[in-house]
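Following: one structure in structure tokens, then a few remarks.
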Amino acid sequence: MISLITSLYILQILVVMVLALLSWFVFDKRFRRDHGKVVPPGFQPTAEVFVDPTSNKKFRVYYNRNSGQRFYHEEN
């Protein structure tokens, strides 16, 4: 009986770990997108500009009011 309870706890821990890894590598693609060099039609520039701390590159944020999507364009 105790080994059954222990195995259920281990199974729950494994399921949580697999879900956490899936959410990190598969579902969370906000900052790993390759947005390209050309701003797509329908996107408008915003006042938001930031510097990526890992690459020291400057990015401007473009916003599409129809879809709610954001586009990050590297500025020179």
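Computed values, structure above
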| item | result |
| --- | --- |
| Residue satisfying all of: in region 17-50; surrounded by fewer than 10 Cβ atoms within 10 Å (Cβ to Cβ) and at pLDDT 85 or above; nearest to Asn64 (Cα to Cα) among these | Pro41 |
| Residue satisfying all of: in region 54-71; within 16 Å of the chain's Cα centre (by Cα) and under 11 Å from Pro40 (Cβ atoms); surrounded by the fewest Cβ atoms within 10 Å (Cβ to Cβ) among these | Gln69 |
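The values are calculated or read from the model by the stated rules, or taken from the named source; none is laboratory data. Worth saying up front: this structure is predicted, and the values here are computed from it rather than measured. Please note: Cβ atoms are built from the backbone with ideal geometry, for glycine as well, and neighbour counts cover all protein chains shown.
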